[in-house]
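Each value in this text was obtained by applying a stated rule to the coordinates, not by laboratory testing. Treat the numbers as computed from the prediction; the structure is a model and nothing was measured. Backbone-built Cβ (ideal geometry, glycine too); neighbour counts: all protein chains shown.
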């Protein structure tokens with residue numbers, strides 16, 4: 001299994017269709033535009049040349065998710081509590097692995113890769129919003145600081161409260 005930055009978007013669409021993700025009208029096009037413009041970045045998990053998982057990340061600040069997209073008040077308060085006002089960081093805002101590949105240590109391997117990769121790119125801090133129990137447990141095990149309070153509709157409108165995790169990468 002390997003981690004690769006980016007891929008052909010048509011291949012990624014087929015993978016998303018299998019997951020039944022980004023199915024609402026315009027969602028895939030917005031993602032494609034964000035990836036092509038550099039607002040978001042994609043890392044795919046490949047096994048035997050097939051996509052089995054993915055992560056989407058972007059540069060962010062305590063004040064905005066991305067340029068022109070302000071955070072809500074609670075989110076700003078949580079992030080300022082971690083790192084102060086106006087601070088820049090990497091926001092890992094989507095991490096997915098096909099169900100049949102879970103439980104094999106790929107999450108740990110991804111975080112090892114991602115943290116190292118971000119350091120090499122010059123980033124010092126990562127924020128990750130997690131709702132999946134395995135992801136929450138992995139972040140806690142890795143020593144990510146945790147905050148609560150994001151009580152939005154949750155991912156995909158499921159009414160799930162996100163946990164907000166933060167780590168300052170070692171220099």
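Couple of notes before you dig in:
- Model label zone, residue 39; criterion: amide N under 12 Å from point 7 Å along Cα-to-beta-carbon; scope segment 87-110: none
- Within the listed set 105, 81, 143, the Gaussian network model of the chain (springs between alpha-carbon atoms below 10 Å) gives the highest mean-square fluctuation for 105.
- Working from label points 7 Å from Cα in the Cα-to-Cβ sense, the residue 14 to residue 29 distance is 2.3 nm.
- To the nearest ten degrees, helix 106-120 and the longest principal axis of the Cα atoms of the chain are 60 degrees apart.
- Length-normalised contact order of the chain in % [C-alpha pairs under 8 Å, at least 6 apart]: 17
- Dividing the summed -39500 (n - 2.57) terms of all DSSP H runs of n ≥ 4 by the residue count of the chain sets its mean residue ellipticity at 222 nm at -10000 deg cm²/dmol.
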